[in-house]
Amino acid sequence: MSSSSLYRSPPRLHANRRHRAGVTGAAPTQSPAHPGPGRRSIMPKIKTSGVKYPDGWELIEPTLSELHSKMREAENDPHDGKRKCEALWPIFKINHQRSRYLYDLYYNRKEISKELYEFCLDQDHADRNLIAKWKKQGYERLCCLRCIQTRDHNFVTTCVCRVPKHLREEQVIECVHCGCKGCASGD
Ligand SMILES: [Zn+2]
Ligand SMILES: [Zn+2]
């Protein structure tokens, strides 16, 4: 019944491979009967017919859908008048937000199945690499992966937002990479 083989690693193809062949006479309904791998398309599957969603999807879909459109908006924002780096802040923020949403649901609140959780990650509704960091001690609140990339920082090994509040001279900060106001674990 709940064969996980239905959901395993949807290929991220950059071509529309949803074939209509072979359905002559049958209305292209949303029947979940045979979602064969060839019918999957790219990008998060918001409102795509022909995909079998794991149980519980309908409960998280509104939130993911909203975050998805926010992300689209942020990506398409012409960012007039903003500094170049600032224009990227919303993207990092939303990425953090949606990853945290799924992380909490699965690891803390235990309200979604592993199957659904993995499905969402496979569909790029969350950042798998960022979540992997949150499981490590000292990185539980990490804002984004850029802020721990040492090559981006000329003199120090971590971004200012990674420095615990009590060790910072300035109490109110906003890091240049993602606009983080501080994400050290103890803060
Ligand atoms: Zn940070
Ligand atoms: Zn930072």
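Bear in mind these aren't lab numbers, they're just calculated from the coordinates by the rules spelled out. No experiment lies behind these values; they were computed from the predicted model shown. All Cβ positions, glycine included, derive from the backbone under ideal geometry; neighbour counts span all protein chains shown.
Kindly provide the set of residues from the stretch 170-187 that are more than 10 Å from ligand 1 (Cβ to nearest atom) and buried (at least 18 other Cβ atoms within 10 Å of the Cβ), ordered by number. Result: Val176, single match.
Screening Leu167, Leu130, Leu116 for residues that are within 13 Å of ligand 1 (Cβ to nearest atom) and at negative phi leaves exactly one candidate, Leu130.
Quick check on this structure: which one of Gly81, Gly179, Gly186 is in contact with a Lys or Arg (Cβ under 9 Å, 6 or more places away or on another chain), away from ligand 2 (no atom under 11 Å from the Cβ) and not hydroxyl-bearing (Ser, Thr, Tyr)? Explain how you work it out, then say what you get.
Working: Gly81 fails: in contact with a Lys or Arg (Cβ under 9 Å, 6 or more places away or on another chain); Gly179 fails: away from ligand 2 (no atom under 11 Å from the Cβ).
Checking each option against the conditions leaves just Gly186.
Answer yes if at least one residue in the stretch 135-158 is surrounded by 13 or more Cβ atoms within 10 Å (Cβ to Cβ), closer than 15 Å to Ser99 by Cβ and more than 12 Å from ligand 2 (Cβ to nearest atom), and no otherwise. Within the stretch 135-158 (the criterion being surrounded by 13 or more Cβ atoms within 10 Å (Cβ to Cβ), closer than 15 Å to Ser99 by Cβ and more than 12 Å from ligand 2 (Cβ to nearest atom)), the answer is yes, since at least one residue qualifies.
Can you tell me which residue within the stretch 104-128, out of those that are in a helix (DSSP H, G or I) and under 18 Å from Met71 (Cα atoms), is nearest to ligand 2 (Cβ to nearest atom)? Across the stretch 104-128, the extreme among qualifying residues is Arg128.
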